[in-house]
Structure formats: structure tokens, C-alpha cells
1. How much length would be gained if the chain were fully extended between Gln98 and Ser14, taking 0.36 nm per residue of separation minus their Cα-Cα distance, in nm to one decimal?
2. So if each residue of separation counts as 0.36 nm, and I subtract the Cα-Cα distance between Lys234 and Glu202, what length gain in nm does that give?
3. Which lysines have a Cα less than 26 Å from the Cα of Lys272, not counting those fewer than 8 places away in the same chain?
4. Region 109-240: percent of C-alpha pairs farther apart than 20 Å?
5. Would you mind calculating the gained length between Asn121 and Arg56 on full extension (0.36 nm times residue separation, minus the Cα-Cα distance), in nm to one decimal?
6. Leaving ligands and nucleic acids out of the surface, order Thr222, Thr139, Thr123 by accessible area at 1.4 Å, largest first.
7. What's the long-distance tail for region 2-51, i.e. % of Cα pairs beyond 11 Å?
8. Return one whole number: the accessible area per residue of region 77-170 in Å², for a 1.4 Å probe.
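The values are calculated or read from the model by the stated rules, or taken from the named source; none is laboratory data. As the structure is a prediction and not an experimental result, all values here were calculated from the model. Here the Cβ positions follow ideal geometry from the backbone for every residue, glycine too, while neighbour counts run over all protein chains shown. For accessibility, only protein heavy atoms count, side chains too; no ligands or nucleic acids. Shrake-Rupley method; radii C 1.70, N 1.55, O 1.52, S 1.80 Å.
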Amino acid sequence: MDHRQLRDHIRNFSLGDCARGNQGYNRVLLQLFGYTGQGKSSLINSCIYALDDERRFIEHAYAPYSPGAATMIRKTYELTSNITIVDNRPYTTMGTFQIAEVYAQLGNFTPLNEKVDRKDNYTDMMREVERSEMDPNYTDLIVPVLVYSAMHGLRECEEQEMKMFMDNCTEMTGVAPIIVLTSKDSGDYLELEKQFKLIGAETVIAVENYTKESQIKTLGRTTDFLMFINGAIKQVIFRMEQTRNPREERLQRKIFLLQYIHEAEMKIEKEKRDRETCQEVVNSRKGVWGWYNWVLRR
């Protein structure tokens with residue numbers, strides 16, 4: 001398909017057209033995740049721009065351009081009447097509870113279009129999950145999207161963590177995450193694509209985001225964004241070939257999240273006990289040497 005056909009295909013896509021109908025799902029939710037400053041907000045703007053026949057570029061999604069600035073609100077943007085894209089709160093590290101928070105967003109256990117407060121303990125995480133039961137969201141068919149800048153290579157020490165994150169996204173949603181490499185003109189995206197595929201990525205797409213400073217539409221750049229959205233639709237169509245139960249799948253996501261939070265708490269408690277034991281040993285040795293030095297001075 002050329003860019004016009006791709007655009008029409010995306011605009012006309014409906015879950016009701018899948019092999020078994022919509023099976024209780026109302027829309028496709030493209031869930032964007034990534035480290036701070038990887039270009040998630042710009043990717044959203046670029047996708048809207050690529051789908052729009054108008055020539056004017058608008059910053060619909062906006063993240064302040066300052067060190068450490070990041071999206072704080074889990075905000076939705078409608079690409080079509082059937083496809084919505086979500087700018088989730090990013091993570092700064094793959095720390096235990098930060099990733100638990102990511103999984104809570106991925107599973108729709110944190111509300112859309114509200115501020116996401118950072119949580120760093122078991123109690124707050126559990127309270128958030130229970131709060132979601134007041135108005136459970138199980139009608140969104142979730143497609144995870146990991147956004148990673150080609151300007152930042154994937155270090156060897158990050159590969160295992162990234163693979164685990166990708167595997168968990170697949171387990172939670174039943175869809176392998178799409179990897180979108182931004183800033184393709186500013187880094188070795190071919191090498192980065194190879195790295196991601198070696199750790200199990202199925203779909204990797206490299207793009208150069210449109211911005212206020214670089215908004216002249218070109219065929220190549222526009223096609224890249226349309227290919228990304230179309231790739232998500234292909235994942236959905238494949239997944240919907242099988243019998244689905246939205247309520248049961250949400251329950252399975254909740255079980256996964258609760259188990260992850262529990263294991264995270266156990267891990268943190270163990271690390272705390274290990275530190276305390278280590279400090280006790282150090283203090284004990286200091287006490288022995290203090291007594292020995294006192295004897296020598298006498």
C-alpha cells in the first residue's frame with residue numbers, strides 16, 4: 001500500500017471488521033512507554049500529523065523541553081474513532097516500583113487523563129489497584145509500544161532488563177510490544193534495531209519525528225508513521241482471530257500485576273535486611289578493633 005492507501009486503511013479500520021467481530025472491545029489503545037526524553041510526545045504529534053490531510057503542524061502532545069521534564073498525566077489522543085494513543089508517564093530507571101507503575105498503566109489500572117503519582121511502596125501500589133475496581137476498564141484492546149531514541153544505544157547491562165520488560169508486556173497484553181526508534185537520523189538505528197531483535201523484538205520501526213522546527217512533510221517520514229500505526233492494526237487483527245474475553249483478560253492482567261508487586265516488595269525487604277546485616281557486621285568489627293586499640297594504648 002502507498003501512503004494514501006495506508007491512511008485510508010487506518011482511518012477505516014474497525015474492531016467489528018475482525019474475523020470474530022469486536023468480542024466486547026470498544027477501541028484499540030496504543031500504550032506508549034519509555035525512558036524520559038525518548039520522544040513519546042513528539043511521536044504522538046507526528047502520528048496525528050501523518051494522518052491529517054491538513055498541512056499545518058500542531059503540538060497536540062507536549063512535554064516541556066527542559067532537563068528532567070516529563071509527561072506527568074496519562075493522557076489520551078484520538079487518532080481515529082477506533083484507535084487512541086496514550087502518552088503514559090515515563091520511567092527514569094528500571095527500578096522495581098517504577099516498572100510496577102508502568103505495568104499498572106499498561107494494564108489500565110491507573111485512570112486515563114489524570115496525573116500519575118510516583119509510588120514507591122507496596123501499600124500505595126495496592127491501593128491504586130483496588131481503586132481501579134471502582135470503575136474497571138476492560139474494553140480497551142491494548143497494544144504496548146516501547147519508544148527508544150536511536151541517539152542512545154542499548155547498553156549490554158540494559159539488555160536483560162529490556163528483554164524482561166518486553167516479555168512481561170507480552171504476557172500482560174497478549175501482544176508483543178512494537179519498538180519505535182525515534183531520532184533515526186541522529187543515531188545508528190540499524191545497529192539498535194539489530195540489538196532489539198536479538199533480545200526478542202518482533203516489530204521494530206525507525207522514525208524521525210516531525211517537530212515545530214522540522215515540519216515539512218515528506219513521503220518517507222509520513223510513510224514511517226503510517227507503517228507504525230498499520231503495524232499495530234496487524235497485531236490486533238491477528239490477536240482477534242482467536243476467541244477473546246475482555247473481562248477474563250483484565251483479571252489475568254490484575255493477577256500478573258499483584259504478583260509482580262508482591263515480588264517487588266519481597267525483593268526490597270530482602271535488600272533492606274541484607275544491608276542491615278552487613279551494617280551489623282561492620283559495627284561488630286569496629287567494636288572489636290576499638291577494644292583492641294584500647295588495650296594497646298594501655
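1. 26.9 nm
2. Roughly 10.3 nm would be gained on extension.
3. Result set, ordered by chain and number: Lys119, Lys286.
4. Details: 5012 of 8646 pairs.
Tail of the P(r) past 20 Å holds 58 percent of the pairs.
5. Working: separation 65, 0.36 × 65 = 23.40 nm, distance 4.49 nm.
Separation in residues times 0.36 nm, less the Cα-Cα distance, equals 18.9 nm.
6. Values: Thr222 10, Thr139 35, Thr123 75 Å².
The ordering from most to least exposed comes out as Thr123, Thr139, Thr222.
7. Working: 940 of 1225 pairs.
Everything past 11 Å amounts to 77 percent.
8. Working: 3940 Å² over 94 residues.
On a per-residue basis, region 77-170 sits at 42 Å².
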